[in-house]
1. Hey, among Thr53, Thr62, which residue is in a loop (DSSP other than H, G, I, E, B), touching a strand residue (DSSP E or B) at 6+ places or on another chain (Cβ under 9 Å), β-branched (Val, Ile, Thr) and loosely packed, with under 13 Cβ neighbours inside 10 Å?
2. Can you report the number of residues in segment 122-143 which are within 24 Å of Ala44 (Cα to Cα) and more than 18 Å from the chain's Cα centre (by Cα)?
3. Could you identify the single residue in Ala73, Ala105 that is among the small types (Gly, Ala, Ser), out of contact with any Asp or Glu (no Cβ under 6 Å at 6 or more places or on another chain) and within 24 Å of Asn10 (Cα to Cα)?
4. List pairs: first residue in segment 52-74 and within 16 Å of Phe96 (Cα to Cα) and free of Cβ contacts under 8 Å to residues at least 40 places away in the same chain, second residue outside any loop (DSSP other than H, G, I, E, B) and among the acidic types (Asp, Glu) anywhere in the structure, Cβ distance under 6 angstrom, at least six positions apart or on different chains.
5. Give me the strands (runs of 3 or more DSSP E) completely within segment 76-148, filtered to those with at least 3 residues that are among the hydroxyl-bearing types (Ser, Thr, Tyr) and surrounded by fewer than 18 Cβ atoms within 10 Å (Cβ to Cβ), ordered by residue number.
6. For segment 136-152, which residues satisfy the criterion of being in contact with a Leu (Cβ under 7 Å, 6 or more places away or on another chain) and of a type in the set (A, V, I, L, M, F, W, C)?
7. Report, ordered by the first and then the second residue, all pairs with beta carbons closer than 8 Å, sequence separation of six or more or different chains, a first member in segment 22-33 that is farther than 8 Å from Val174 by Cα, and a second member that is surrounded by 12 or more Cβ atoms within 10 Å (Cβ to Cβ) and among the polar types (S, T, N, Q).
Amino acid sequence: MSNFESGVWNGAVQQQIFRKLVTAMSSPGEIIMLGNETGRTAIAVLATLLDNTTALCDHDRTLDKSTLGFLQARPTSCEQADYILADACNAPGRDFVVCLGELAAPEGGATLILEGARLGSGDLTLEISGPGVFGTRRIELAGFHLHWFERRAEWVSDFPLGVDLIMVDAESLVCVPRSTVLSWT
């Protein structure tokens, strides 16, 4: 069996991951386990969501040439990308610009995939509220720079414009749609 036919490149595996992504988007802040059998979580998410009609910015250049080929997405700048993969440890600079969509088509806003060290424990705590969350939900993070969440607050301040956020670690993911309210300690 070739690399393309196994793991996250398999359609049946991608369908399972997609179902988990839908669950995560409808339950912001809930940690969803993918397990280590899917390999690197960020690649599993990208393999599920991308195709040759999407644009990808690999901001920190963490994807190898083979993976980029399998993803088939058009490489582009962060400003023009549908999906952006970034190392969550590195703070975004003031010049880090993302597509926020337009009022006539807010769904055109980018999806930001932040790859950090650990979801569920760490020194940064997010408090999450809004649609899909009964009351509030708290999640601890390790290896996620606070400045990402400060910038996200700017990006979603003109809702429905903004970005959707998918945070990943080695085995799990958490989604935070643009409609979700975040605070941190």
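The values are calculated or read from the model by the stated rules, or taken from the named source; none is laboratory data. These numbers were taken from a predicted model, which means no experiment stands behind them. Neighbour counts are summed over all protein chains in view; Cβ atoms, including those assigned to glycine, are modelled from backbone coordinates with ideal geometry.
1. Just one listed residue meets the conditions, Thr53.
2. Of the residues in that region, 1 qualify.
3. Step by step, each of Ala73, Ala105 is checked, and only Ala73 is among the small types (Gly, Ala, Ser), out of contact with any Asp or Glu (no Cβ under 6 Å at 6 or more places or on another chain) and within 24 Å of Asn10 (Cα to Cα).
4. Asp60/Asp87
5. 118-129
6. Once the filter is applied, which keeps residues that are in contact with a Leu (Cβ under 7 Å, 6 or more places away or on another chain) and of a type in the set (A, V, I, L, M, F, W, C), segment 136-152 yields Ile139, Leu141, Phe144, Leu146, Trp148, Phe149.
7. Close Cβ pairs (under 8 Å, with a partner that is surrounded by 12 or more Cβ atoms within 10 Å (Cβ to Cβ) and among the polar types (S, T, N, Q)) amount to Met33/Ser172.
Listed here are the residues, each with its yes/no results for (1) among the hydrophobic types (A, V, I, L, M, F, W, C); (2) closer than 18 Å to Leu165 by Cβ.
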residue: Gly29; (1), (2): no, yes
residue: Thr41; (1), (2): no, yes
residue: Asp51; (1), (2): no, no
residue: Thr62; (1), (2): no, yes
residue: Lys65; (1), (2): no, no
residue: Ile84; (1), (2): yes, yes
